[in-house]
Structures are given as C-alpha cells and as structure tokens.
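Right, one structure below, let's go through it.
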Amino acid sequence: MTTAPWRDPALPADARVADLLSRMTLREKAAQLYGVWVGAATDGDGVAPLQQEMTAGHDWDELVALGLGQLTRSFGTAPVEPGLGAQALARAQRRIVAAGRFGIPAVAHEECLAGFTAWRATAYPVPLAWGAAFDPALVEEMGRRIGRDLRAVGVHQGLAPVLDVVRDPRWGRVEETIGEDPYLVGTIGTAYVRGLESAGVVATLKHFAGYASSAGARNLAPVRAGVREFADVTLPPFEMALREGGARSVMAAYTETDGVPASADPHLLTELLREEWGFTGTVVADYFGIGFLRTLHRVAADEAEAARLALIAGVDVELPTLQCYGTPLVTAVCEGRVPKALVDRAARRVLLQKCELGLLDADWRPEPAGPVDLDSAENRALARRLAEESVVLLDNPGGMLPLAPDARIAVVGPRAADPLAMLGCYSFPSHVLTRHPDVPLGIEIPTLLDSLRAHLPDAKVTFAEGCAVSDPDPAGIGEAVSRVAEADVCVAVLGDRAGLFGRGTSGEGCDVADLRLPGAQAELLDALVATGVPVVLVLLTGRPYALGRWHGRLGAVVQAFFPGEEGGPAVAGVLSGRVNPSGRLPVSVPRQPGGQPWTYLQPPLGLAGEVSSLDPTPLYPFGHGRSYTTFAWEDVRAPEAEVPTDGSCDLALTVRNTGERAGAEVVQLYLHDPVASVTRPDVLLIGYQRLLLQPGESRRVTFRFHADLSSFTDRAGKRRVEPGALELRLAASSADVRHRVRLRLTGPVRVVGAERRLRCEAEVSGGN
C-alpha cells in the first residue's frame, strides 16, 4: 500500500481519495463514518445528553480492523495528564494504523468552547464574554492558541465555536453563545474560526441550525422560528464563518424546525449548505443526534432508517460513537434499503478531510513533538486580557468605583470565594471534574475574594457567603448583614453555578422559567441594600438577569460572563481601578424577570407601546457599557445623500478621549430601515470598532457601508436590497445614538445571494 496512488502526496486530493475508495469494501467505507468513544460511561451521569442510554460497549480489536473515522474525546472524558494523554492517543492511533488494511489513522476530536476541555488546560472566558469584548483580533489569537494546544497533543478537530444567536435568555446554553445579534456573533465567531484553522485544526460550527430558538427556552425543544427569522437571524453567522473563516466542519443541531429534524433535513444540510453556500467539508452529528431520529423525533422506525435519513440529508459522520452507521447501515445497504452511493459520498468527504490533515500520508507520525504545557504563561496572559476586556460596567451612579484603596469592604455572596464561579459549563472543571471530586482543579483559578485582597492590600476586607447559589435557604443572610453594617462599602458577588442537565443554574440543560436571580440571592441583595451601606453588585453569570428591582438603589453594577481562570484578577482590577472597564453588553439586561423571550432585534410591533401594559424595554440595552473615562465623538462626515442599491459609501468620525486615563471606546454602527416590504428590526448592528485611546488622544474611524448590508429576506424567500430611505446610526449602544445619517438607496431592487458583502469594514487612522 505504500506505493499506491492514494499514498502519493504529489497527487491531487480528489485523485488520491478516488483511488482509495476504489480499493475499499463497504464495511471499510462505513467504518470511516463513525467515531468511537473509548471510556465513555454507560451508566450514571454522563457529559452528553442521554449518554448512558445511547452508549454501548464495543470490541476494540474488531472495530479497528475495519479502520475508524474518529476518536472521541480521549482528553475530555476523564482527567488525564496532558503529556501522558498525548502518548496514549499516539498509541491508540498506532493500533488503528496497524490493525486496518489501509493503515489510516482516525480524526481525534475534542471540545474547545472556552479553551481545550482537558485537565490542566487553560480555561478561557466563555463565548458570551468574547462578545462583550467586541475584539475579534483578540478572539482570533485565542483561537490560534487553543488550536496549537490541540495539535500539540494529537487532536485534529475542535467542536467549536457555537454560532447560535440568543433568542431567549432563559435558555441554559446562553453562556456558550456570543450574543443576541447575528452580526456580532458572525464577526467574533469567524475570528475564532480563523484562529483555530490557522493552527491546522478543523473548526466545527454548531449548532446548525436554530438550536437557540427552541420553544420555551428548553434545551432540545422544537424550534418555533419563521422562514425570515431563520434566514436573517439564525443563518448569517454560519455563512460568514464558512465564507470568511474557512471552517471545515459543521455540526447538525439536535432540534427540529417545523417538524423536520436538522439531522434529516436535506434542504438545510445539502441544498443550502453545500449547493448554495459551496461548503465542501464534513457534516458531523451532534452527539447521538442520528439515533435521536428514532428515539426522540420518531421519524425513523429503526437505526437503519435513521442512518438512511441522516445520509440523505448530508450527515457524514456519526458522533460520538457508532450506533446507526455501523452494522445497521451496512446491512441496510446490502438489502437495498440504503443506496450505496450515499455511503460513498460521505466516505469521500471524510477521506478528503483526512487527506488535508495529512492522515493519508505514509510518513504521518502521531507522537507529540515535545513536552506538553496546556496552561502556559502566554495562555494565561491572553486569558487575563480577554477577561479584562469583557467586564462590563453597567452602572456607577454613586461613583463608588473604583473602590478606595483603604476602604473597609464587606465582600458578600456565594460566588466570591469559589473558583468555579469563574468557569462555564464546558470548562473541564465544571464539565468533567464534578464527577471526580478527589482530583484537583489542575489549574490556578484565583477567586474574586482573594484577588480583591491582593489588589487592595491596605483595605480591610471581610467575607460572608450569605446564601448558596441555588438553595432558597436564607439562614446565612443575617451574618452577612452584620458584616456589612461594619463596612464602608459592600461588594455583593452573586450569580450562577455552571453545570450539566440541571446540576447547575447555567449550562447545557439548565434552562429557567424566568430571569430572577437563583435561590435566595435576590433576598440577600434586598437585605444588603436595606442596610444603607453602599452596595456594589458584581454578577458572575452565564446569562443576563433582571435587575430592575434594584435600579437606582445600588452604588455600582458590574457584569462578568464567566470570565475564565484569570477572571478573579480581571474583575478585581475593575473594582480597584487597575483596569478601566471597556466591555459592552452582547445581550440585553431585562428590567423585569418575565416577559421573555425578548432581544433588541424587534420590529416596531415588538417595542413598548400603548396597546400593552407590559413594557419589554430592557434596563440596560445591547451594546451598553460604561468607562472610568469620557469620550467625545466629533467631525462626523456623512455619505452622499443617494447611494445605488449596488453601491457603497464611507461614513467617518473622530473619537477623542477627553478624560484623565486611558480607556477603550466601542463605536457601533446600526441600520434603521423606515419602510420595507416586510417588517424589519427597528435597529440592527452592521458594524463596530473598538478603540484604545490615551488621555487626549484621538482616532478617526471610517466605516465602509455597502448596500448589501441592508438586504433582507422577502416574502418569496429571496434576499433583496430595496431602494428607499435608510438611516445609519453611530451609537454607543443600540439605544444610545450619537449621530444619525440619512441616505437613500436608488435604482432597482437587487436580489443577492452568497456573493453579497457580509461585513462593514472599518479603517482606523490618525492620532495625536
């Protein structure tokens, strides 16, 4: 086999794979279409939905004799020393190569939602914090570092990023998303994809598509989204990450839309994804998603029928372990129930990707190149910087922040002294270590309490927990009130505990009925405010919570979305003044806990009005965030009054730091369409630029607006650019408009497709 054409790296990949497929039996082809999850639990608690019910034991030697498509989470299933894990993975690959007739290694995949989900690996801020930073370049660098760590231990594919757009903040997986705006999700997600792919790791976009639109905010529930909402809100981030980011894999969602499960939808996975968008990579199933066609969706009578539906739709790889694509599929093909051409199609896509990864080359070697350090000083420095940029100062009306260096500070709350308060559901300690209580965290995670003491060594800092995260018992509130009564200021550290399937207040399967603070935390905050001592509220959460109950009664409000292992020093830096906050809200913060779902992408009928007594206006809008310095927006240069429907124009302004300390401003560009043939959001983000400015320094920002950015899906399902009036709004948030620029699109209606412009480029110049 070493001299066969498929081994020759000088030949085109298509030719190599065609030669290889011509030599393979049906069973060998099918073996390339599934993964094996070695060591996965078959009983008790798992790390995937219904894992114990859907996982069966398999004979390793029998499996690898046919070859193997994927190896599932050899690092992300149980604690393993990274260096030893890399060696173990290399040995497994050697066994696969030695056992199979063709000696083709498996693709090893892992989760990497907020860093490599492995023991002793850097735990970065969660994606919602990426959105809060409004800094694609920094997220790209994080993706690159995560990719390098994955490749260093022999992993080829990362199951990230999540490109679901938040539609209901009660959904447990809000922490995994980048925000409630498709442009923000698309640009930040694409940056992460670029970083991961630049390291040679296959990025996997998920969950395709509509997962975050599940009814009632319930995980894995049916999707209630209209055609235009699906096209204009759900799909654009995926299209951008494929076209501009170069992602090579897509994960089919668990959900069903209008009665059709994503894993059995050829319109979604073939017609749209491949034929319209031109995607050539692999589509993988979300864990057990193919089997769910039989057990949860009930559109398949048996495993063979589930395999047939998934293959027709375009799902190439069954993850995490074989169930439907193994013997049931092979038997169905032999009986004529499933066309052999479907197996050939999927096998070709899988082998083409293996060819790209070098796994068909005769000189491929699985051993790690050197020592493995998954939590390097450079990683931690980047995690710290991203955490600092993501912290949002929601309010500081009393000027309580920064804290006085010699203040008497009562730190109160269930999130102050727990390192896990910094981590999201898909960090290794929250995702896996909860099932291994005797194993240490493996990484250093300073708590906010310890970090605050380190940042303010001259302050007198006391602590009381007050209550637990989710337990309604108020027994500890009295002690907390006593501590606060002796202090100059109270720092109340409240929020979420990330977990899986109801074992936390945020995370996969941890959905909520409303947006009240969990447990007795609201009662605790009421008691703290009632003392009369100024209260600085710090929230460490995976979703926004309703804060209207305390509006105007707090000294300051700071929001951090699970900021990672360096989150303690980052938040303490904001409280102490070492860090000037620059985060902006990627999701709206509601005033009241009910009235959901609601995001800022509302048409006029979804806004407050006299026809309803319920006002959905958020307390803090999308894009909001304050600073310890001030900025002036000057010298706005407007575009021409008329722009063709296929044309573009420039919009420029100068931003000056008018305060006494360095800080970052985020200039946001929104589109308002006064009249259209279908209802449009009142405003939607189409561009943004983060600017770091020294005191007195200025920068000029020029946005290049193209008419394509005004396109939307019409009544016939076509995307169109309509002539007529538009308003471009330069704003500090979706509700804080600084300048309005009116223009008119002229010319004919244009129908646009995959060739259209997806982003508003921004150029920064000048300075003094």
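The values are calculated or read from the model by the stated rules, or taken from the named source; none is laboratory data. Everything quoted here is computed from the prediction, not taken from an experiment. FYI the Cβ positions are ideal-geometry reconstructions off the backbone, even for glycines, and counts take in every protein chain you see.
The set of residues in the range 389-408 that are in contact with an Asp or Glu (Cβ under 8 Å, 6 or more places away or on another chain) and under 27 Å from residue 443 (Cβ atoms) contains only 389. Being surrounded by 24 or more Cβ atoms within 10 Å (Cβ to Cβ), aromatic (Phe, Trp, Tyr), modelled with pLDDT of 95 or more and under 22 Å from residue 280 (Cβ atoms) is not true of residue 211.
For the range 636-654, the tally of residues that are farther than 15 Å from residue 762 by Cβ and in a loop (DSSP other than H, G, I, E, B) stands at 6.
Please indicate, with yes or no, whether at least one residue in the range 698-709 is part of a loop (DSSP other than H, G, I, E, B) and either surrounded by 14 or more Cβ atoms within 10 Å (Cβ to Cβ) or touching a residue at least 12 places away in the same chain (Cβ under 8 Å) (or both). Within the range 698-709 (the criterion being part of a loop (DSSP other than H, G, I, E, B) and either surrounded by 14 or more Cβ atoms within 10 Å (Cβ to Cβ) or touching a residue at least 12 places away in the same chain (Cβ under 8 Å) (or both)), the answer is no, since none of the residues qualifies. Residue under question is residue 310, and the condition is that it be at pLDDT 95 or above and part of a loop (DSSP other than H, G, I, E, B); does it hold? Considered against the rule, which asks whether it is at pLDDT 95 or above and part of a loop (DSSP other than H, G, I, E, B), residue 310 comes out as no. The listed residues are 301, 347, and the only one of them that is part of a loop (DSSP other than H, G, I, E, B), at pLDDT 95 or above and more than 26 Å from the chain's Cα centre (by Cα) turns out to be 301. Restricting attention to the range 488-522, the residues that are small (Gly, Ala, Ser), assigned to a loop (DSSP other than H, G, I, E, B) and out of contact with any Leu (no Cβ under 8 Å at 6 or more places or on another chain) total 6.
Contact annotation: residue pairs with Cβ atoms under 7 Å, 6 or more positions apart or on different chains, pairing a residue in the range 515-542 that is in the same structural domain as residue 598 (by TED's automatic domain parsing) and touching a residue at least 24 places away in the same chain (Cβ under 8 Å) with a partner that is of a type in the set (S, T, N, Q) and outside any loop (DSSP other than H, G, I, E, B), are 539/559; 541/506; 542/506. Of the set (1) in contact with a helix residue (DSSP H, G or I) (Cβ under 7 Å, 6 or more places away or on another chain); (2) under 30 Å from residue 215 (Cβ atoms); (3) assigned to a loop (DSSP other than H, G, I, E, B), all apply to residue 545 but (1). Quick check, is residue 295 crowded, with 23+ Cβ neighbours inside 10 Å and of a type in the set (Ser, Thr, Tyr)? For residue 295, the condition - crowded, with 23+ Cβ neighbours inside 10 Å and of a type in the set (Ser, Thr, Tyr) - is not met. Taking (1) closer than 29 Å to residue 606 by Cβ; (2) within 32 Å of the chain's Cα centre (by Cα) in turn, residue 675 satisfies each apart from (2).
Checked against the criterion of being under 24 Å from the mean Cα position of the chain (by Cα) and buried (at least 17 other Cβ atoms within 10 Å of the Cβ), the candidates 412, 391 yield just one match: 391. If I ask for residues that are more than 19 Å from the chain's Cα centre (by Cα) and modelled with pLDDT of 90 or more, which ones from the range 585-595 would you list? If the condition is that a residue be more than 19 Å from the chain's Cα centre (by Cα) and modelled with pLDDT of 90 or more, then 590, 591, 592, 593, 594 are the ones that fit.
Elements of the type helices (runs of 4 or more DSSP H) sitting completely within the range 396-487 and holding at least 1 residues that are among the β-branched types (Val, Ile, Thr): these cover 477-485. The listed residues are 367, 378, 389, and the only one of them that is touching a helix residue (DSSP H, G or I) at 6+ places or on another chain (Cβ under 8 Å) and either under 30 Å from residue 98 (Cα atoms) or not in a helix (DSSP H, G or I) (or both) turns out to be 367. The set of residues in the range 564-584 that are under 23 Å from the mean Cα position of the chain (by Cα) and small (Gly, Ala, Ser) comprises 564, 567, 568, 570, 582, 583.
Yes/no matrix, rows are residues, columns are (1) surrounded by 21 or more Cβ atoms within 10 Å (Cβ to Cβ); (2) not assigned by TED's automatic domain parsing to the domain that holds residue 409:
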{"position": "553", "(1), (2)": "no, no"}
{"position": "559", "(1), (2)": "yes, no"}
{"position": "573", "(1), (2)": "yes, no"}
{"position": "583", "(1), (2)": "yes, no"}
{"position": "620", "(1), (2)": "yes, yes"}
{"position": "623", "(1), (2)": "yes, yes"}
{"position": "642", "(1), (2)": "no, yes"}
{"position": "650", "(1), (2)": "no, yes"}
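Taken over the range 225-269, residues that are in contact with a strand residue (DSSP E or B) (Cβ under 8 Å, 6 or more places away or on another chain) and among the basic types (Lys, Arg) amount to 2.
Filtered by the rule that a residue be surrounded by fewer than 24 Cβ atoms within 10 Å (Cβ to Cβ) and within 10 Å of the chain's Cα centre (by Cα), the range 175-199 gives no residues. Could we say that residue 654 is over 30 Å from residue 752 (Cβ atoms) and assigned by TED's automatic domain parsing to the domain that holds residue 725 here? Against the criterion (over 30 Å from residue 752 (Cβ atoms) and assigned by TED's automatic domain parsing to the domain that holds residue 725), residue 654 qualifies.
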